[in-house]
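Just so it is clear, none of the values below were taken in a lab; they were calculated from the coordinates. Small disclaimer: the values here were computed from a predicted structure and weren't measured. When we count neighbours, we look across all protein chains shown, and the Cβ atoms used for this are built from the backbone with ideal geometry, even at glycine.
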């Protein structure tokens, strides 16, 4: 008997085709799924990217808004700082102006106070001995009068000898030292020629008679130019140094009227207000009581 061999069953063409189609179908589904998964991945990626972009844009916009706000705030702060600086400068300028005004006011008050003090001091001195005022003024008087060295001058005290008060005598002595060759306040006198006696007394004067109170200077209306200038300087210098007086210094004497009064026996030719009318180169000084 013939051996029976292995019988191999080969699929039919239709069956193989079906198997291949199944595999192909399965592959298509897998591919579709893969494509779908890929599409969803892409979509998720795009969505994520879009979301990130939106977030980034919004964040960038917010950052710009914050930056703009900070910039505006800084600008406002700078502007305010500028205003504050200007106000400070203005305040400093006003402060300097106020300070300068205060300094000027203080200086003015100091000057006024010093002026008042000197005026009060001078007023007190005027009420005191005239000799002190004359000694204080001596350096200036001597300097003005020494160009007229040799000028003849007569000094007289109003009243009787022994009756004049000490203040009047001291005033005479100060004038004698200023005009003569003595020394006063550390300076030598103007070296005028004082007539003898240095201390003369005269009557017919005094407050009751309207003549001889205070100090008076006499000179002739017809005096030489040099004598008139000397008399003017002496009179003005004494007026400045001494208390105010109603007496005008120098007092000009009319020689013609003087001679007339002498001729009629109304005046003594030795009186200081008479003798200058007889001598145009003579100056006389009458020292009366303190006014």
With label points set 7 Å from each Cα along the Cα-to-Cβ direction at residue 264 and residue 79, the distance between them in nm comes to 10.1
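Which FRET efficiency value, to the nearest 0.05, is calculated for residue 278 and residue 115 with the Förster distance at 51 angstrom and r the Cβ-Cβ distance? Can you show the working numbers first?
On the way: r = 46 Å, r/R0 = 0.91.
Once the sixth-power term is evaluated, E becomes 0.65.
Taking the highest mean first, how do the peptides 195-204, 271-280 order by number of other beta carbon atoms within 10 angstrom per residue? Write out the running numbers ahead of the final one.
Values: 195-204: 14.0, 271-280: 21.6.
So the peptides 195-204, 271-280, ranked by packing, come out 271-280, 195-204.
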Full extension between residue 98 and residue 166 adds, at 0.36 nm per residue less the Cα distance, a length in nm of 18.8 nm
One finds, for residue 221 and residue 185 with R0 = 41 angstrom and r their Cβ-Cβ distance, a FRET efficiency to the nearest 0.05 of 0.75
Once both label points are put 7 Å beyond Cα along the C-beta direction, the residue 66-residue 144 separation in nm becomes 9.2
Full extension between residue 229 and residue 89 adds, at 0.36 nm per residue less the Cα distance, a length in nm of 44.1 nm
